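Below is one structure, written out as C-alpha cells; comments come after it.
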C-alpha cells in the first residue's frame, strides 16, 4: 500500500494562501453541497471539563466533492487569557475518505475567521439590496474584521459604523480597518445612525440583543454570526419574527441558534418559518429577497462543511505552491 504524506499548514501558511474572494467562492459551493445532499454534517458535539475550566467542540463533516472527511476541533480555556494565551484554539484535520489517510492538519484560527466572514459574504451577495453602501458592525474582534472584509468584497461599501462595549475597542477597530479597506469607519456614532445602515453584521458573544428592533431602517440585511448556543442572542425576537430568515443549516440552527430558539420560545417566530438554507438560495431552489423593503436575516452558527471546504482548497493550493511542511505519519 502506498504511503501518503501529511501536509501541515501553520497559521502563517493559511494566511499566505487564503484570500476573502477565494473563500467566498469556496463557500458558495460548500453551502450548495450542504443543502443539496453533497455533504453530511452532524450537529457539533460539546465536551465540558469544568475542573479544567475548559471545553472542547468537535465538528465533523463529509463532502463528496472532495471525497474527504474533515473534523475541526476547538478547545476553549477560561484560564488562558490570564496566561497571555487565546481562550479559543482550533485545528482542522482532513482525511482521504477512500483509505483513511490523514492528508492535512491546519491551524484553524485564521481559517475560521475568514470562512465565517465568507459565509456572510455569500449571504450578503444573495440577500442585501444591490445599492447597499452603509454597514453597522457590532463587535470589534477578529470575526468583526472578516465580516466587514467580506461585505466590502460584494457590495460598494463606503461608510461603516462600529459599536462595541468599549469606545477604545471601536476606535482601534476603525484605525485597523479603515486604511485596509479604504472605507470611512466611524466608532460609536449615536444610536440613531443604526437606522441608516443597509447591512448589519453582529459578531459578539452577547446574551442580550445588541440593537433594538425600532432602531432598524427599512430593507436592512442582517448577518448574525456571534451566537452559537441557546443562551446567546444578538437579534431581538421581534426582528426575527418579521424577517426573511435564512440559515446555514436548519438542523444546526434550531439546535444551537439562540436568536431563533429564544424567538420561538417568545412566540415571535416558528421553526417552520425559516425561509431557506443559504445553499438553497445560492442554487436558486429558494428565492432570496423579493423587495427592497424586506428585512432579511442570515443566521449562522458555523458549519463544519465550511471548514472542510476551505481546508481542502488550501491543501490543493499548498501542494501546487509547495507551501507548508510534509511528513509520513506511518
(message) Under the 0.36 nm per residue contour assumption, what length would be gained going from the current alpha-carbon distance of residue 64 and residue 87 to full extension?
(response) 4.9 nm
(request) May I ask you to derive the FRET efficiency for residue 178 and residue 99 from their Cβ-Cβ distance with R0 = 41 Å, giving the value to the nearest 0.05? (result) 0.25
(request) Compute log10 of I(q)/I(0) for segment 28-187 with the Debye formula, placing one identical point scatterer on every Cα and leaving out solvent, at q = 0.08, 0.14, 0.18 Å⁻¹, to two decimals. (result) -0.32, -0.90, -1.18
(message) Defining a contact as two alpha carbons under 8 Å apart and six or more residues distant in sequence, what relative contact order in percent does segment 129-302 show?
(response) 21 percent
(message) For the chain, set up a GNM with springs between Cα atoms under 10 Å and report which of 66, 96, 272 has the largest fluctuation.
(response) 272
(request) Rounded to the nearest 500, what is the 222 nm mean residue ellipticity of the chain from helices alone, with -39500 (n - 2.57) per DSSP H run of 4+ residues and division by all residues? (result) -10500 deg cm²/dmol
(message) On C-alpha positions alone, give me the angle between the axis of helix 142-154 and the longest principal axis of the chain, in degrees, nearest 10.
(response) 80 degrees
(request) Once you've got the GNM for the chain with C-alpha springs shorter than 10 Å, pick whichever of 82, 72, 299 has the biggest mean-square fluctuation. (result) 82
(request) Provide the FRET efficiency to the nearest 0.05 for the residue 283-residue 54 pair, computing r from the beta carbons and using R0 = 56 Å. (result) 0.90
(request) For the chain, find the longest principal axis of its Cα atoms and tell me its angle to the long axis of helix 304-321, 0 to 90°, nearest 10. (result) 60 degrees
(request) Would you mind estimating how fast segment 129-302 diffuses translationally, via Stokes-Einstein at 25 °C and 0.890 mPa s with the Kirkwood radius over Cα pairs, in µm²/s? (result) 153 µm²/s
(request) Wrap a convex hull around the Cα atoms of the chain, take a quarter of its surface area, and give that in square nanometres. (result) 17.3 nm²
(request) Treating the angle as unsigned and between 0 and 90°, give the value, to the nearest 10°, between the Cα long axis of helix 167-181 and the longest Cα principal axis of the chain. (result) 70 degrees
(message) Running a GNM on the chain with Cα contacts under 10 Å, which residue among 47, 308, 76 ends up with the highest mean-square fluctuation?
(response) 47
(request) Just subtract the alpha-carbon distance of residue 73 and residue 328 from 0.36 nm times their residue separation and send over the number in nm, one decimal. (result) 89.6 nm
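Throughout, read-outs are computed from the coordinates displayed, never taken from laboratory work. This structure is a prediction, so every number in the text was calculated from the model and none was measured. Note that each Cβ is placed from the backbone with ideal geometry, even for glycine, and that neighbours are counted across all protein chains shown.
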